[in-house]
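What follows is a single structure, written as structure tokens, with notes after it.
The values are calculated or read from the model by the stated rules, or taken from the named source; none is laboratory data. Bear in mind that the values here come from a model prediction, so they are computed numbers and not experimental data. Heads up, the Cβs are rebuilt from the backbone with ideal geometry, glycines too, and the neighbour counts pull from every protein chain shown.
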Amino acid sequence: MSARGRVIPLAVALASSVAAGAERGPDPTRRETPAAREQARLCERQSLEEGVAACRAALELGIGAERRGPVREMLAKHLVALEKWDELAELLREASASTRPAPSPGNASG
């Protein structure tokens, strides 16, 4: 198996594991809108750039917490298909940061 053949499944697996744990979003008090749900549906149905745009729109519009992880996972798959590694890395960083517990008051190192 070529190096590229190993990188793509690894990138999708990493994105999936991070996305599965990512429950926080832009504003947890904001309700999921019909527009966000529609964009999430398009995220699953569209391919490549259109899929990326729909996934990002769903996340920005405040898709519900239970759907946020699957939308991020689908976004990661679209980015892998497009070989947009820098954008994938940023998505993984964002998702990882949102799942990290806040440091305790007496422990600034985290």
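So how many residues does the range 79-102 have that are within 26 Å of R31 (Cα to Cα), assigned to a helix (DSSP H, G or I) and not small (G, A, S)?
Final tally of qualifying residues: 6.
Could you check the range 1-60 and list, in sequence order, the residues that are modelled with pLDDT of 95 or more and either of a type in the set (F, W, Y) or outside any helix (DSSP H, G or I) (or both)?
Q46 - this is the single residue of the range 1-60 that is modelled with pLDDT of 95 or more and either of a type in the set (F, W, Y) or outside any helix (DSSP H, G or I) (or both).
State all residues of the range 61-106 that are at pLDDT 95 or above, among the small types (G, A, S) and buried (at least 20 other Cβ atoms within 10 Å of the Cβ); if no residue qualifies, say none.
Hit for the range 61-106 is A76, nothing else.
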